[in-house]
Structure formats: structure tokens, C-alpha cells
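This report refers to the structure that appears directly beneath it.
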Amino acid sequence: MSKSLSEKFVIFGNPVEHSKSPQMHNAGFDHFSIDASYEKYLLEDAKKIKKIFLDNKFSGANITVPHKETAFAQADEVIGIAKKIGAVNTYVKENGKVLAYNTDGPGFLKAIESFGEVKKVLIIGAGGTARAIAFALQEQGKEVSILNRSKEKLAFFKENGFVTYTWDSFRLDHFDLVVNSTSAGLSDDLYPCNKTQLENIFLNSVNAFDCIYGKETPFLSLAKEEGLKTKDGEDMLLYQGILAFEYFSKKPANKTLIEIMRNALKKD
Ligand code: NDP
């Protein structure tokens, strides 16, 4: 009787050492008794990401900073919302073809379900993560505004039907949810915009979400002080992983799997 070969999965990134994806996915494979392993791959140059993926006989991959756009460009087929976002974080090999998905936006939507119904959202920041979140919310018919410190990255959002502001042109409004998708607070103590401006935004808002995880940022502390319901980015990371795992394993996630992957994520 022939023994089926163990499948290989990987995360490509630079840096990649800090990634918790291997522990999350390996815990998932163990749970379903799937003969597979998931490793880290430090990829400095993504020009040949698809070739490296295929040559190494990986069955699936996650792609993280700074390779998501390059990975998008090389995929044989881009599926779903990733086409609008212009970046992918998941590759799956099927019949020799590389299919690509973006699970960051859908992962964000799962993470904010605990806030209940939201209609009007302000996203601070206009980078790759903001794109993923903005299109996911737009597909659900939400009203989305983008606030960024500089103008350049806003043009893309404007062309795609979002209301856009720089700090100077911002007009105060009521928001059900305010999202920090900047890196302010990640390795510093900065607010993502002027503190007084943020205080005024929070005075008119209900919920606050920070994509940064593993620490309470100045953004989240201020939101808490002003009585908003808050959440950091850990669940977004978890759910983008769970959605990718469903593509890898072809199995729908159940509650047990979600808890197993959540616990694996919390390990050092
Ligand atoms: P990008 O580099 O693509 O974009 C960064 C954005 O933040 C830009 O709009 C930039 O503005 C703005 N920005 C950077 N520093 C500051 C600052 N000091 N004050 C105000 N604005 C600032 O980053 P990403 O979109 O890839 O990532 C954004 C954040 O999301 C990171 O903190 C990352 O850790 C987090 N993240 C979390 C995930 C999760 O699963 N929880 C997944 C992916 C990302 P400008 O245009 O003016 O330069």
C-alpha cells in the first residue's frame, strides 16, 4: 500500500522570525490529524515567489510584509476580494496552479463581529491593511471614510469610492467604529493623528479597533478612557489564519479548532 506524502506549508516574509503562523497552523493540522507541516521562510526578494513556492513543493503558503503585492502579481488566479485589494496573503496549489486569496479583510470582519452592528466606519491609515479592511467593509455596504496623515496613498481610496481626508481636511462626524490601521503605537507611543483630533473623534464614536496586537497602544488607551468599547488586532490575526487554514485543509473551522488555534497563537 502506498503511503501518502506529508504536505508542506509555509509563511514567506521579511522579517518572518516573529511570525506565530507556524504554531497556529501546526496546531490545526494536529487537531484534524492531517499529515502536514508548516514552516517559516525568510524571503528577501519576492520576484520569484511563485517559482520558489512550486519548486519547494509547498501545498499552501501565507505571505506577509512586504511581499503581498508581488505575490498578487504572480498568482495564476486571484480569487474574491483580493482582486480589488491588489494584495494576497494566501497561496494554495490546486491542479498545479497557484490560486491566491486575501484573508486579512474577511479576518477583520470576523474580529469586529463582537461589536455588533456597525454602519459608519473611520479607518485611520491608508496602507495595505487599510485597503484590505476598507474593501471588506465596502462589500458589506458600510459607509467607510479614510483619514491619513499624507495625501499620496489616499488617491487609490478616492478612486474606489471612499470618502478620504488628510488631518487638515478632516470633518468631524459620528462613527460606529474607528480603526487604527497605521503603525503608530507599534514600536513607539504615538497617536495615529493629533491627540485633540482623536479625542474629538472618540467623543462622537462607539467602538475602537487597533490592528496592532500584543500591547495596549495609546490609541486604545485613549478610546478606553473615553468609554468606547475596544479591541486589539489579535482576533484579526487569528481569523485571517483560520480562513487560510480552511483553504489549506479544505475543512470548515469548528469551535474547537478556533480555540486550539487561539491558544497556539498565545504561546511564546
Ligand atoms: P503600511 O506601511 O502599508 O501603511 C502604514 C500606514 O500608516 C500609512 O498610511 C502611513 O501613513 C501610516 N503611518 C505610519 N506611521 C504613522 C504615524 N506615526 N502616524 C500616523 N500615520 C502613520 O502598513 P500596513 O498597512 O501593512 O500595516 C499597518 C498596521 O497594521 C501595522 O501596525 C501592522 O502591524 C498592523 N497589521 C495587523 C494585522 C493583524 O492581523 N492584526 C495584519 C496586518 C497588519 P503615510 O501614508 O503618511 O506614510
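The values are calculated or read from the model by the stated rules, or taken from the named source; none is laboratory data. Just so you know, these numbers come straight off a predicted model, no measurement behind them. Neighbour counts are summed over all protein chains in view; Cβ atoms, including those assigned to glycine, are modelled from backbone coordinates with ideal geometry. When the accessible area is computed, the model is the full protein with side chains, heavy atoms only, and any ligands, DNA or RNA have been set aside. Shrake-Rupley method; radii C 1.70, N 1.55, O 1.52, S 1.80 Å.
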Distance (nanometres) between label positions extended 7 Å along Cα→Cβ at Leu172 and Leu203:
0.4
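Where both partners of a DSSP beta bridge lie in the chain, what percent of those bridges are antiparallel, to the nearest 5?
Values: 8 of 43 bridges.
In the chain, DSSP labels about 20 percent of beta bridges as antiparallel.
Give me the dipole magnitude in Debye, nearest 20, for the chain about the Cα centre, with unit charges on the beta carbon: positive for Lys and Arg, negative for Asp and Glu.
Numbers: 35 positive and 35 negative charges, 136 e Å.
Dipole of the chain, to the nearest 20 debye: 660 debye.
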Rule-of-thumb check for region 106-231: C-alpha Rg over 2.2 N^0.38 Å?
0.95
Using the Cα atoms as the points, what is the convex hull volume per residue of region 36-188 in Å³?
148
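Just check region 43-102 against the gyration tensor rule for me: Cα atoms, a ≥ b ≥ c as the square roots of the eigenvalues, rounded for a/c under 1.5, and otherwise prolate or oblate depending on whether a/b exceeds b/c. List each step's numbers first, then the result.
Details: a/c = 1.89, a/b = 1.13, b/c = 1.67.
Oblate.
Can you pull the semi-axes for the chain, root of five times each eigenvalue of the Cα gyration tensor, sorted largest first, whole Å?
34, 20, 16
Would you mind working out the accessible area per residue for the chain, using a 1.4 Å probe, and quoting it in Å²? Each step should come with its number before you reach the end.
Working: 13100 Å² over 268 residues.
Result: 49 Å² per residue.
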Around Val163, which amide H atoms from residues at least 5 apart in sequence, or from another chain, sit under 5 Å from its own amide H, with H modelled in the peptide plane?
Val144, Ile146
For the chain, what % of the accessible area comes from carbon and sulfur atoms, probe 1.4 Å?
49
I'd like the distance between the alpha-carbon centres of region 85-106 and region 140-208, rounded to an integer number of Å.
28
Descending packing, highest mean Cβ count within 10 Å first, for 163-172, 72-81, 123-132 is 123-132, 72-81, 163-172
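Would you please put 107-117, 242-252 in order of how densely packed they are, using the mean number of other Cβ atoms within 10 angstrom per residue and starting with the highest? Please list the in-between numbers first.
On the way: 107-117: 16.5, 242-252: 18.8.
Ranking, from highest mean packing down: 242-252, 107-117.
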Estimated [θ] at 222 nm from DSSP helical runs (n ≥ 4, -39500 (n - 2.57)) normalised by residues in the chain, nearest 500
-10500 deg cm²/dmol
The helix 128-139 Cα axis meets the longest alpha-carbon principal axis of the chain at an angle in degrees, between 0 and 90 and rounded to 10, of 80
Using θ = phi - 60° and Karplus 6.51 cos²θ - 1.76 cosθ + 1.60, couplings along region 71-84 (whole Hz; Gly, Pro as x)
5, 4, 5, 9, 5, 6, 8, 9, 10, x, 5, 4, 4, 6
